[in-house]
Amino acid sequence: MNVTHLECANCGLRHEARRLHNLCSSCGKPLLVRYDLKQAARTLTKESLSGRRADLWRYREVLPVDADENIVSLGEGWTPLLHADRLGKQLGLTKLYIKDESQNPTQSFKARGMAAAVSMAKELGAQKLAVPSAGNAAGALAAYAARAGMEAFIFMPRDTPRANIIECEQTGAHVTLMDGLITDCGAEVARRKEAEGWFDVSTLKEPYRVEGKKTLGYELAEQLNWELPDVIIYPTGGGTGLIGMWKAFDEMEQMGWIGSQRPKMVTVQAAGCAPIVRAFETGQRFADEFPNAVTAAAGLRVPKAIGDFLILDAIRASGGTALAVTDEELISATGEIGATEGIFCAPEGAACLPALKQLMTTGMVTANDCVVLFNTGSGVKYLECFSH
Ligand SMILES: *Cc1c(COP(=O)(O)O)cnc(C)c1O
Ligand SMILES: [Zn+2]
């Protein structure tokens, strides 16, 4: 709405806003949307938010869609930030919260990104959308494409959770199952997209999914009455949500809503696929592809993320960290969170709990810290993980 241009997150090259783009035309890295935030802040004020619609479009002035009629919505965003009182007591934390993203359409936070990406694809004239996905991005794209009257072409690993495959079929997408990982699916989309006329909506390979996901940062601030938490624990695959929140904090600071203080940003990955953890530990800015990636937490099975440097920059600038947990730990954490708080987490979201325990052991989290765990999806999509 108040978009001025797109900017390469790596080399800074400016790209024109009102046309379809994938990556930077010069260096091939992600493009980020830039706004006239002074203009946005004229009508988007903290006070103006009360009474606005209870979805992510409440932050309309800092979202990229120009014309209201292009918004494709299923009611995404504005999910509850639940005080985890009982779990917190067990751990010795009074201010433990769970941002429950399982309450989004299609039961994961991928809905935020796809709502923005599909709306922009509609506005800019794309007709056929393609995506490689570990599961939830596929379900979200299929749903939003159907809602927009567009075609979705979805490429998933054959061992993707069954619920994701079925929901895509039932929402009218063209589904291709592949032997291999999400990176192999991505290569297939890249190979065929030109001839097929597909617009590639891979995460961070188009500029708008991160805009949808950045609303996580706006919501956190608003729900905590404009005090950011001390620590954010985020299950990281492609890193779009973390990168988005970090961008949102900057935008809010520029609009005068918050100060320069930032939460410690903590990336959690599965021990079987931890490229960001490895790069963090070895001091690299770009992460090597993680070999033989395996984890039941499908959304974390991303051996190579194109936004790796943005994730690592944010973690380091915030004084946060990156750590890995085993599949055994994250599956068992699902039951622990479920039984104490009544939230049936996705295994990715549950991974935040063993990570939090590690942070308490090392002293990065202490008793009075305000800590937010991200439950990024619903356990209902992953029944295979819980069968005995
Ligand atoms: C995709 C996904 C993630 C990882 O999100 P990124 O923003 O790509 O890091 C985590 N949890 C679930 C449930 C997901 O679907
Ligand atoms: Zn560039």
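Got a sec to turn the phi values of region 275-290 into Karplus ³J(HN,Hα) couplings, 6.51 cos²θ - 1.76 cosθ + 1.60 with θ = phi - 60°, whole Hz, x for Gly and Pro?
Using θ = phi - 60°, the values come out as x, 6, 4, 4, 5, 4, 5, 9, x, 8, 9, 10, 8, 5, 4, 7 Hz.
Based on other C-beta atoms within 10 Å, arrange Thr366, Thr295, Thr79, Thr176 from fewest to most.
Going from least to most buried by this count: Thr366, Thr176, Thr79, Thr295.
Which whole-number percentage describes the relative contact order of region 1-78, with Cα contacts under 8 Å and a sequence gap of 6 or more? Let's see the in-between values first.
Values: 101 pairs, mean separation 25.2, N = 78.
This gives 32 percent for region 1-78.
Report, in deg cm²/dmol and to the nearest 500, the calculated mean residue ellipticity at 222 nm for the chain, where each DSSP H run with n ≥ 4 adds -39500 (n - 2.57) and the sum is divided by the residue count.
Value at 222 nm, helices only, nearest 500: -11500 deg cm²/dmol.
Can you compute log10 of I(q)/I(0) for region 64-191 with the Debye formula, treating each Cα as one identical point scatterer, at q = 0.11, 0.17, 0.22 Å⁻¹?
Reported log10 I(q)/I(0), two decimals: -0.45, -0.85, -1.17.
³J(HN,Hα) across region 11-16 via Karplus (A = 6.51, B = -1.76, C = 1.60, θ = phi - 60°), whole Hz, x for Gly/Pro?
9, x, 4, 7, 10, 5
Under 23 Å Cα to Cα from Lys247, which lysines show up? Leave out anything in the same chain fewer than 8 places away.
Lys29, Lys38, Lys46, Lys99, Lys110, Lys205, Lys213, Lys214, Lys264, Lys304
For the chain, rounded, prolate or oblate, judged on the Cα gyration tensor with a ≥ b ≥ c (square roots of eigenvalues), a/c < 1.5 rounded, else prolate if a/b > b/c? If you can, show how the numbers build up before the last one.
Numbers: a/c = 1.40, a/b = 1.11, b/c = 1.26.
Note, shape of the chain comes out rounded.
What percentage of all Cα-Cα pairs in region 281-380 are separated by more than 17 Å?
The share of Cα pairs beyond 17 Å in region 281-380 comes to 59 percent.
Give me the one-decimal nm value for the distance between modelled label points at Asp288 and Leu13, 7 Å along each residue's Cα-to-Cβ direction.
Taking the two extended label points, one gets 2.9 nm.
Using R₀ = 45 Å, calculate the FRET efficiency as 1/(1 + (r/R₀)^6) where r is the Cβ-Cβ separation of Cys27 and Gln170; round to 0.05.
Rounded to the nearest 0.05, the efficiency is 0.70.
Suppose every K and R has +1 on its Cβ and every D and E has -1 on its Cβ; what is the size of the dipole of the chain about the Cα centre, in Debye to the nearest 20?
The calculated dipole for the chain is roughly 520 debye.
Each value in this text was obtained by applying a stated rule to the coordinates, not by laboratory testing. Quick caveat: nothing in here was measured; it's all calculated off a predicted structure. Cβ sites come from the backbone with ideal geometry, for glycine too, and all protein chains shown count toward neighbours.
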